[in-house]
1. Every residue in segment 214-229 that is of a type in the set (A, V, I, L, M, F, W, C) and within 24 Å of Gly61 (Cα to Cα), please.
2. Please work out which residue is nearest to the chain's Cα centre (by Cα), limiting yourself to segment 148-183 and to residues that are modelled with pLDDT of 85 or more and aliphatic (A, V, I, L, M).
3. Could you tell me which of the residues Thr89, Thr37 is of a type in the set (Val, Ile, Thr) and in the same structural domain as Cys198 (by TED's automatic domain parsing)?
4. Which one is farthest from Ile49 (Cα to Cα) among residues in segment 218-237 that are within 19 Å of the chain's Cα centre (by Cα) and touching a residue at least 24 places away in the same chain (Cβ under 8 Å)?
5. Which of (1) in the same structural domain as Met190 (by TED's automatic domain parsing); (2) farther than 17 Å from Glu165 by Cα; (3) modelled with pLDDT under 95 is the odd one out, the single condition Glu108 does not satisfy?
6. Looking at (1) surrounded by 22 or more Cβ atoms within 10 Å (Cβ to Cβ); (2) in contact with a Pro (Cβ under 9 Å, 6 or more places away or on another chain), can you tell me which one Tyr132 breaks?
7. Every residue in segment 58-94 that is closer than 18 Å to Ile164 by Cα, among the polar types (S, T, N, Q) and modelled with pLDDT of 95 or more, please.
8. Under 8 Å between Cβ atoms, which residue pairs at least 6 apart in sequence (or on different chains) link something in segment 34-46 that is under 17 Å from Tyr197 (Cα atoms) and in contact (Cβ under 8 Å) with a residue 60 or more places away in the chain with a partner that is β-branched (Val, Ile, Thr) and part of a helix (DSSP H, G or I)?
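The values are calculated or read from the model by the stated rules, or taken from the named source; none is laboratory data. Just so you know, these numbers come straight off a predicted model, no measurement behind them. Because the Cβ atoms are built from the backbone with ideal geometry, glycine has one as well, and the counts that use them run over all protein chains shown.
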Amino acid sequence: MRAIHPQPKGKGFLASLLRKIADTIYQFYGIKIHHDTIRRWIRKFMAKIKEYVNKKEPNVGDIWHVDEQMIKTKKDDLVWCWNVMDRKTRFLLANNITTSREIQDARELFKKAKEVANGKPRYVYTDGLQAYIRAFKKEFGDRQHSVIHVRNVGIRKERNNNIIERYHGTVRERDKVMRALDSINTAKEMMEYWRIYCDYIRPHSALNGFTPAQMARIGIAYSRNRWMELLRKSMEK
């Protein structure tokens, strides 16, 4: 018989999902846990995993794809989700959540990507957003023109951004199911978790079933239960 609990305060997709998890734990193990307890567990252990994986240096290629998309939040209406993905490994190097699409927003994204990769690519693909042009000059420009900015890419052009567009399509599907996140802070938290999931947990069909982290020669998350492996390693001293 399905356990019936009084509905706790808090609405939205995430709260509903956490209640279902709490209900499943009660049905299978007879243990009653408040859904906010599960939320605290997720934040605590994901913070540990994030700290651990952020110390890893992926071996990525020399072409980076960059794009931004709108996602819905209840308190801040629409916010922008920026992402940088490596073409060779499909490794998501960086993301950024902002309320604007200004130069400083694009610069912050580029800085994050350079820090994670510990270097620069040979090519950076973006659309024609003016913020990218000026931010690129600030973060990648030099007299040798060692990094080339490929601008105004499109889906049907020979030089395209299809790789990052497909990723954003996946994000859009998830965003649609969740029916808007609570706030910009919730969006930042969720997209960081999603980045870790896509890089370390989710097998990629274009990578013959490997994860981007495996293709980037990061020697973790090879076991059957990748979440457990990441958590165990992140807790080791």
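1. Taking segment 214-229 first, the residues of a type in the set (A, V, I, L, M, F, W, C) are 215-216, 218, 220-221, 227-228.
Selection gives Met215, Ala216, Ile218, Ile220, Ala221.
2. Ile164
3. On the way: Thr37 fails: in the same structural domain as Cys198 (by TED's automatic domain parsing).
Answer to the selection: Thr89.
4. Filtering segment 218-237 for residues that are within 19 Å of the chain's Cα centre (by Cα) and touching a residue at least 24 places away in the same chain (Cβ under 8 Å), the one farthest from Ile49 (Cα to Cα) comes out as Ile218.
5. If we test Glu108 against (1) in the same structural domain as Met190 (by TED's automatic domain parsing); (2) farther than 17 Å from Glu165 by Cα; (3) modelled with pLDDT under 95, just (3) comes out false.
6. Only one criterion in (1) surrounded by 22 or more Cβ atoms within 10 Å (Cβ to Cβ); (2) in contact with a Pro (Cβ under 9 Å, 6 or more places away or on another chain) is unmet by Tyr132, namely (2).
7. Asn83, Thr89, listed by residue number.
8. Met46/Ile196
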